[in-house]
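Q: The structure is given below, and queries will be raised subsequently.
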Amino acid sequence: MKKKFTPPRDISIGILGNAVKSSTCETAFELIKILQDRKIGFVVQDDIAKQMKVKCGYDVKGGAAPRSEVPGKVDVVISLGGDGTILQTAATVGDLNKPILGVNLGKLGFLAELNLDELKSSIDELFKGKFNQEERTVLEATFEENGRTGKIFALNDIVVDKGGSSRMIDLETYVDSEYLITYRGDGIVLSTPTGSTGYCLSTGGPIVAPESRVIAISPISPHTLSARPVIVPDTCQIRVVARSTMKEVMIIADGQTSRLLPQPAEINVSLAPRRIVLLRKSKNGFFNLLRTKLMWGADIRSEDRE
C-alpha cells in the first residue's frame with residue numbers, strides 16, 4: 001500500500017548503517033551536518049558515533065544509542081549502506097512501524113534508492129512531504145528447534161537449503177495443506193514481492209510489483225527441469241518438509257539470520273502480522289527503478305563498439 005508521507009512537526013531522525021565501512025561514517029557525518037543546519041533532532045547508532053569521533057573528530061555528545069534502541073527513539077530511520085543494510089535495518093525496526101529511508105552506499109540498490117549526490121536535496125524533499133511511504137509485506141517462518149517453536153521474520157525471503165553440503169535435498173512443498181511438489185535440488189526460496197529482485201530473481205523467479213499480495217516459491221538449481229517457480233496468494237500457508245541424507249538443513253531469513261535444523265525438518269511460512277514501511281521518492285516508480293537498475297533498453301553491444 002502506498003500513500004504520501006506527512007512528516008511530524010518535531011521530527012527526529014535515527015541513523016543506522018554498517019559501521020565497518022568507512023563510507024558509512026563519512027556519510028553519517030555529512031547527514032548530521034544537514035540535520036543540524038535544519039535544527040532536526042537525531043540519534044545515531046553508537047558504533048557509528050565512535051567511528052565518527054575517531055575518523056572525523058566529531059562527538060555526537062549524547063546523541064548516540066545502541067543499534068537496537070535507535071528506532072524506538074525516533075520518527076524516521078535512515079539506513080546508510082546497500083540493500084543488505086536495509087534488510088538489517090528492517091530487522092532492527094521489527095514491528096515498530098517506523099518508516100525507513102535508504103541511502104545507497106552499495107552497488108545495485110533496489111531498496112536503498114538515494115545516492116550520495118542527492119542526499120541534501122532529498123532530505124529537504126522529505127520534510128516537505130514529497131516522499132511516498134510504502135508498506136511492504138513480511139514473511140514469518142516457524143519451526144521446531146530444540147523442543148521449542150522457533151520463529152524468524154523476513155522482508156525479502158525465507159530460504160531452505162542444504163547448507164554447505166554438495167548433496168541434493170528433497171523439499172516436500174504444501175500450499176494450504178495441498179501437496180504441490182517435491183523440489184529436488186539445492187533448496188527453495190520463498191519470497192515476498194520486495195524480495196523478488198533478490199535471490200528469487202537469481203534463481204529464475206519472476207519480478208513482482210511491490211504492491212502485489214503474493215508469495216513466490218522458487219527452487220534453487222532443481223534437478224527436475226520441469227519443476228518451475230510458482231506464485232500463490234499471500235493468504236496461503238506454505239509448509240516445507242526437508243528430507244536429506246545430511247544431519248541438518250539450513251533455514252535463512254534475508255541472508256541475515258540462519259538456523260541449522262535436524263532433518264527431517266518442517267518449516268511453516270506465512271504472512272507476518274507486521275509490515276515494514278519504506279520511504280520512496282514519489283517521482284521514482286517501481287518500473288522506472290527496474291529500467292534504471294537493470295539497464296533495460298541499454299544496448300551493451302553499441303557501448304562495447306564505442
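Q: Can you name the residue in the range 145-160 that is outside any loop (DSSP other than H, G, I, E, B) and free of Cβ contacts under 8 Å to residues at least 12 places away in the same chain and, of all such residues, is nearest to V214 (Cα to Cα)?
A: Filtering the range 145-160 for residues that are outside any loop (DSSP other than H, G, I, E, B) and free of Cβ contacts under 8 Å to residues at least 12 places away in the same chain, the one nearest to V214 (Cα to Cα) comes out as K151.
Q: K98 fails exactly one of the following numbered conditions: (1) touching a residue at least 40 places away in the same chain (Cβ under 8 Å); (2) among the charged types (D, E, K, R); (3) part of a helix (DSSP H, G or I). What is the number of that condition?
A: Unmet for K98, out of (1) touching a residue at least 40 places away in the same chain (Cβ under 8 Å); (2) among the charged types (D, E, K, R); (3) part of a helix (DSSP H, G or I): (3).
Q: Given the criteria in contact with a Ser or Thr (Cβ under 8 Å, 6 or more places away or on another chain), in contact (Cβ under 8 Å) with a residue 60 or more places away in the chain and either under 26 Å from N284 (Cα atoms) or surrounded by fewer than 18 Cβ atoms within 10 Å (Cβ to Cβ) (or both), does G129 qualify?
A: yes
Yes/no per residue for (1) touching a helix residue (DSSP H, G or I) at 6+ places or on another chain (Cβ under 7 Å); (2) outside any helix (DSSP H, G or I):
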| site | (1), (2) |
| --- | --- |
| R184 | no, yes |
| V189 | yes, yes |
| L201 | no, no |
| G204 | no, yes |
| V208 | yes, yes |
| S226 | no, yes |
| V232 | no, yes |
| T245 | no, yes |
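Q: Let me ask you something else. Can you tell me which residues in the range 100-113 are over 17 Å from G285 (Cβ atoms) and surrounded by fewer than 21 Cβ atoms within 10 Å (Cβ to Cβ)?
A: G106, K107, L108
Q: Just for the range 234-282: of the residues that are without any contact (Cβ under 8 Å) to a residue 60 or more places away in the chain and of a type outside the set (S, T, Y), which one is surrounded by the most Cβ atoms within 10 Å (Cβ to Cβ)?
A: Among residues in the range 234-282 that are without any contact (Cβ under 8 Å) to a residue 60 or more places away in the chain and of a type outside the set (S, T, Y), the one surrounded by the most Cβ atoms within 10 Å (Cβ to Cβ) is Q263.
Here's the yes/no breakdown for (1) farther than 25 Å from K293 by Cα; (2) surrounded by 14 or more Cβ atoms within 10 Å (Cβ to Cβ); (3) of a type in the set (K, R); (4) in the same structural domain as R259 (by TED's automatic domain parsing):
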| position | (1), (2), (3), (4) |
| --- | --- |
| G150 | yes, yes, no, yes |
| N156 | no, yes, no, yes |
| S166 | yes, no, no, yes |
| T173 | yes, yes, no, yes |
| D186 | yes, yes, no, yes |
| A216 | no, yes, no, yes |
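Q: Here are some residues: T85, T142. Which one is outside the structural domain of M52 (by TED's automatic domain parsing), in contact (Cβ under 8 Å) with a residue 60 or more places away in the chain and in contact with a Ser or Thr (Cβ under 7 Å, 6 or more places away or on another chain)?
A: T142
Q: Name the residues in the range 101-129 that are assigned to a helix (DSSP H, G or I) and under 11 Å from the mean Cα position of the chain (by Cα), would you?
A: Scanning the range 101-129 gives no hits.
Q: Let me ask another. Mind checking whether some residue in the range 52-71 is farther than 25 Å from N156 by Cα and of a type in the set (D, E)?
A: yes
Q: Go through (1) touching an Asp or Glu at 6+ places or on another chain (Cβ under 7 Å); (2) modelled with pLDDT of 90 or more one by one and return the number of the condition K53 breaks.
A: Single failed check for K53: (2).
Q: Within the range 161-180, can you find the residues that are within 15 Å of S221 (Cα to Cα), aliphatic (A, V, I, L, M) and in a strand (DSSP E or B)?
A: I169, L171
Q: Hey, among the residues in the range 1-34 that are in contact (Cβ under 8 Å) with a residue 60 or more places away in the chain and in a helix (DSSP H, G or I), which one's surrounded by the most Cβ atoms within 10 Å (Cβ to Cβ)?
A: Taking the candidates together, the pick is T24.
Q: Take S68 and decide whether it is under 24 Å from F127 (Cα atoms) and hydroxyl-bearing (S, T, Y).
A: Judged against the criteria, S68 is not a match.
Q: Condition first: of a type in the set (K, R) and within 26 Å of the chain's Cα centre (by Cα). Now tell me which residues in the range 51-72 satisfy that.
A: R67
Q: Quick one: in the range 104-144, of everything that is more than 18 Å from T197 (Cα to Cα) and β-branched (V, I, T), which residue is modelled with the lowest pLDDT?
A: Per the stated criteria, the residue is I123.
The values are calculated or read from the model by the stated rules, or taken from the named source; none is laboratory data. All of these numbers come straight from a predicted model, not from anything done at the bench. Virtual Cβ from ideal backbone geometry, glycine too; neighbours counted across all protein chains shown.
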